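Q: Handing you a structure now.
The values are calculated or read from the model by the stated rules, or taken from the named source; none is laboratory data. Being a predicted model, the structure only gives us computed values, none of them experimental. Here the Cβ positions follow ideal geometry from the backbone for every residue, glycine too, while neighbour counts run over all protein chains shown. We work out accessible area using only protein heavy atoms, side chains counted, and drop any ligands, DNA or RNA first. Shrake-Rupley method; radii C 1.70, N 1.55, O 1.52, S 1.80 Å.
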Amino acid sequence: MELFEFYRKDRWPHVFCPGCGIGTVMNCFYRAFNELELPLDKTAFIGGIGCSSRIPLYINSDALHTTHGRAIAFATGLRLAKPELKTVVFTGDGDLGAIGGNHFINGCRRNVDMTVICINNNIYGMTGGQASITTPHDYQSTTTPYGNKEYPFDLAEIAVAAGANYVARWTTRHVHELTRSLKAALQKKGFAFVEVVSQCPTNFGRRNKMADPTQMLEWFRQSSVRRDKTKAAEVDHVDLNLAGQITIGEFVDRNRECYEELIGVGKHG
Amino acid sequence: MKPVIDLKLCKACNICVYICPKKCYSKGADLSEIGYFAAVVSAAEKCYNHNRDGKMICELCVLSCPDQAISWHPETEEEKRK
Ligand SMILES: Cc1ncc(C[n+]2csc(CCOP(=O)(O)OP(=O)(O)O)c2C)c(N)n1
Ligand code: SF4
Ligand code: SF4
Ligand code: SF4
Ligand SMILES: [Mg+2]
């Protein structure tokens, strides 16, 4: 399948700002989906609200554009009603981790069979750059003019602790690794979570001396540390996540029974 | 194969210029129809995929370009001699 058979060419150029990392994630997702030769007409795409959550609207398949934070709840319902469909959720840090935090945790806990891709740009991009639950400590946003005094959530570690079957984190500077993880996630039975640390040059970069998207990519390159190596260095994940370093890699790959199996809706889409 | 930038899609973020290990791209100076100083492929012959009969060694630019503006095209006979 060509790129623009998968995506709706008539909607291009897409709405995302120049240099926005969302488009990079779209490339890697298309590549993973296409290499696995998955059937587009048997896959449903679900998004919440936000720039990141708009990806499903660009895909040549059925999509649910849901309410803010509720993509996983809608996707759970869809899985149970139509278990023959593969279910893929696109979401942002605000959508998944802030307003949708509880759906996220319980989606992992139930281990519902779906692939969830969170584009973590450390900010509410769509609404103009308010701090989110992943804005790094001491970084600027419109709602933290003196720098963010809080510390960020570690979404990937939360997913591990809550019980997801597959968890990985990469950045938009790691396109090949990201594509590999997306392939693994799409093939995984149970809750598969891929977090992509991504640049929002307009609403995060511009306020943090990285207005040029390539400065953010360079920042990702320099501050990324593989998870196996961080363990050895004994760093405090939560305190240092993003402010000091970005922990990348596969966090977990296991085979707990998924929700559909537990309640007798057996078929793996 | 050689990379080609679609001027109707490029938004001049210059990520390709930054990401390419072989420096095949450079910043553009001409305003495109959609209003951007689109990047240019200035040294396609240096690309890892040049004269490899379609075998892809590197695709950092195509996977990174946020606007799906870069695609692969066969070289002309003249380009193949470069
Ligand atoms: C119930 C509700 N509350 C608030 C909003 C306003 N709103 C729209 S997008 C958004 C934040 C989205 O942030 P994120 O998920 O990180 O997406 P991004 O735009 O950064 O990709 C908010 C608060 C809304 N649409 N609905
Ligand atoms: S506001 Fe940020 S996240 Fe939204 S499209 Fe622009 S750069 Fe991307
Ligand atoms: S990465 Fe894509 S959009 Fe950005 S300058 Fe290069 S061709 Fe243009
Ligand atoms: S494929 Fe690699 S070497 Fe070739 S132009 Fe793209 S980034 Fe450069
Ligand atoms: Mg965001």
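Q: In the Gaussian network model of chain A, springs joining C-alpha atoms below 10 Å, which of A:111, A:121, A:255 carries the largest mean-square fluctuation?
A: A:255
Q: Looking only at the protein assembly as shown, where both bridge partners belong to it, what percent of the DSSP beta bridges are antiparallel (to the nearest 5)?
A: 35
Q: Let me know the whole percent of all Cα-Cα pairs from the range A:18-262 that are separated by more than 22 Å.
A: Of the Cα pairs, 48 percent sit more than 22 Å apart.
Q: Using the alpha-carbon centroid of each, what span in Å lies between the range A:122-150 and the range A:2-22?
A: If you average the Cα positions of each part, the centres end up 27 Å apart.
Q: Please compute the average number of Cβ atoms from other chains found within 10 Å of each residue's Cβ in peptide B:64-73.
A: Shielding by partners across B:64-73 averages 6.
Q: Quick one: which of B:39-45, A:200-206 comes out on top by average Cβ neighbours within 10 Å, and what's the full order, highest first?
A: Ranked by mean Cβ neighbours within 10 Å, highest first: A:200-206, B:39-45.
Q: Sequence gap at least 6, Cα distance under 8 Å: using those rules, report the relative contact order of the range B:2-80 to the nearest whole percent.
A: 38
Q: For a quick size check, give me the Cα extents of the range A:153-218 along its three principal axes, largest first, whole Å.
A: 40, 25, 15
Q: Taking every residue in B:9-22, how many Cβ atoms of other protein chains lie within 10 Å of its Cβ, on average?
A: The mean count of partner-chain Cβ atoms within 10 Å per residue comes to 4.
Q: Need one number: % antiparallel among DSSP beta bridges in the range A:69-216, to the nearest 5.
A: Around 15 percent of the beta bridges assigned by DSSP in the range A:69-216 are antiparallel ones.
Q: Further question: With n ≥ 4 as the cut-off for DSSP H runs, can you work out [θ] at 222 nm for chain A, using -39500 (n - 2.57) per run divided by the number of residues, rounded to the nearest 500?
A: It lands at -9000 deg cm²/dmol.
Q: Ignoring any ligand, DNA or RNA, what whole percent of the accessible area of the protein assembly as shown comes from carbon and sulfur when the probe is 1.4 angstrom?
A: 52
Q: Gap in Å between the Cα centre of the range B:1-67 and the Cα centre of the range A:170-194?
A: That distance is 25 Å.
Q: Here's another thing I want to ask about it. With both partners inside the range A:1-101, how many of the DSSP beta bridges are antiparallel, as a percent to the nearest 5?
A: Here the share of antiparallel DSSP bridges comes out near 10 percent.
Q: Taking only DSSP H segments of four or more residues, each worth -39500 (n - 2.57), what value at 222 nm results for chain B once the sum is divided by all its residues, to the nearest 500 deg cm²/dmol?
A: So the calculated ellipticity at 222 nm is -3000 deg cm²/dmol.
Q: If you count, for every residue in A:11-20, the Cβ atoms of partner chains within 10 Å of its Cβ, what is the mean?
A: 5
Q: Kindly write out, for the range A:106-122 in residue order, the coupling ³J(HN,Hα) from the Karplus curve 6.51 cos²θ - 1.76 cosθ + 1.60 (θ = phi - 60°), rounded to whole Hz, with x marking Gly and Pro.
A: 6, x, 5, 4, 6, 6, 5, 6, 7, 9, 10, 10, 10, 8, 9, 9, 6
Q: If you don't mind, another one. Looking at the calculated P(r) for the range A:106-218, what percent of the C-alpha pair distances fall above 16 Å?
A: 62
Q: Report relative contact order for the range A:18-262 in percent, whole number only (criteria: Cα-Cα under 8 Å, sequence separation at least 6).
A: 20
Q: Considering all alpha-carbon pairs of the range B:2-80, what whole percent are spaced by more than 17 angstrom?
A: 40
Q: Name the long-range amide H neighbours of residue A:165: under 5 Å, sequence gap of 5 or more, or other chain; modelled H, no Pro or chain starts.
A: Long-range HN contacts for residue A:165: A:191.
Q: Could you please report the charge total around residue A:163, scoring K, R as +1 and D, E as -1 over all other residues with beta-carbon less than 10 angstrom from its beta-carbon?
A: Net of charged neighbours comes to +4.
Q: Okay, next question. Order B:54-63, A:182-191 from most to least packed using the mean count of other Cβ atoms within 10 Å.
A: So the order, starting with the most tightly packed, is A:182-191, B:54-63.
Q: Output wanted: per-residue J couplings in Hz (rounded whole) for the range A:62-67, from phi through Karplus 6.51 cos²θ - 1.76 cosθ + 1.60, θ = phi - 60°, x for Gly and Pro.
A: Calculated HN-Hα couplings, in order: 6, 9, 10, 9, 9, 7 Hz.
Q: Pop out the ³J(HN,Hα) list for the range A:48-58 in order, Karplus 6.51 cos²θ - 1.76 cosθ + 1.60 with θ = phi - 60°, rounded to Hz; leave Gly and Pro as x.
A: Listing the rounded values in order: x, 10, x, 4, 4, 6, 7, 3, x, 5, 9 Hz.
Q: Cα-Cα over 18 Å: which of A:42/A:86; A:86/A:183; A:183/B:22; B:22/B:46; B:2/B:23?
A: Those over the limit are A:183/B:22.
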